[in-house]
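Peer 1: Structure in structure tokens, see below.
Laboratory data are not the source of any read-out in this text; all were calculated from the coordinates shown. No experiment lies behind these values; they were computed from the predicted model shown. Cβ atoms come from the backbone with ideal geometry, glycine included; neighbour counts cover every protein chain shown.
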Amino acid sequence: MIIRPYLTTDRAACLVAFDSNVPDYFAPQERADFEQCLDQQTQFPQQQPATVYFVGKRNGKLVACGGYALDRQRNEAWLTWGMVLRSQHRQGVGSALLHHRLDAIFQACPEATVHLDTTLFSYQFFERAGFVVTGTVKDGYAPGYDRIDMICKR
């Protein structure tokens, strides 16, 4: 898999990846927030905290996307909108994208604490990668979609 920075030409394929994970991993009403995230990736490249978004491609096809926001002054980062095309689940794509993002974060800010929020449907994936649960919010994304807050340190 090749992982590279997001381009606006990736937008439609990223939305296909999102839609492939509805309703099992994302609530349908989250799509508008994801679209806004994609639209902001190229508008403010110097914003603080710095945001970076990646896509993963296999055989020329987008199979994953995800990013992070980094605040070097606070030594904190947040993983943002990570997902794998449904047909590519359980093939190592998500792990490769996660480790790529973590490597980029720790290269830029070795002491960073990495935060993320996810659902009950995928938090165990992040636990296996070393994240620990710090809290939960019932129906935090939508009814039936609890938010699980997690952190990871190097």
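Peer 1: Test of understanding: among Leu79, Leu62, which residue is within 15 Å of Lys153 (Cα to Cα) and either in contact with a His (Cβ under 6 Å, 6 or more places away or on another chain) or among the hydrophobic types (A, V, I, L, M, F, W, C) (or both)?
Peer 2: Values: Leu62 fails: within 15 Å of Lys153 (Cα to Cα).
Of Leu79, Leu62, the one residue that is within 15 Å of Lys153 (Cα to Cα) and either in contact with a His (Cβ under 6 Å, 6 or more places away or on another chain) or among the hydrophobic types (A, V, I, L, M, F, W, C) (or both) is Leu79.
Peer 1: Tell me which residues, restricted to region 58-82, are farther than 22 Å from Asp39 by Cβ and charged (D, E, K, R).
Peer 2: First, pick out the residues of region 58-82 that are farther than 22 Å from Asp39 by Cβ: 58-61, 72-76.
Those that are farther than 22 Å from Asp39 by Cβ and charged (D, E, K, R): Arg58, Lys61, Arg72, Arg74, Glu76.
Peer 1: Working only within region 7-20, note down all residues that are within 13 Å of the chain's Cα centre (by Cα) and over 18 Å from Thr51 (Cβ atoms).
Peer 2: Of region 7-20, the ones within 13 Å of the chain's Cα centre (by Cα) are 14, 17-18.
Selection gives Ala17 alone.
Peer 1: Quick one: what pairs do we get from region 131-154, first residue farther than 20 Å from Pro28 by Cα, second part of a strand (DSSP E or B) and among the acidic types (Asp, Glu), C-beta under 8 Å, 6+ apart or different chains?
Peer 2: Going by the 8 Å Cβ cut-off, the qualifying pairs are Val133/Asp149; Thr134/Asp149; Gly135/Asp149; Thr136/Asp146; Thr136/Asp149; Asp149/Asp117; Met150/Asp117.
Peer 1: Right, something else. Criterion first (among the aliphatic types (A, V, I, L, M), surrounded by 12 or more Cβ atoms within 10 Å (Cβ to Cβ) and at negative phi) does Leu7 satisfy it?
Peer 2: Values: among the aliphatic types (A, V, I, L, M): yes; surrounded by 12 or more Cβ atoms within 10 Å (Cβ to Cβ): no; at negative phi: yes.
No.
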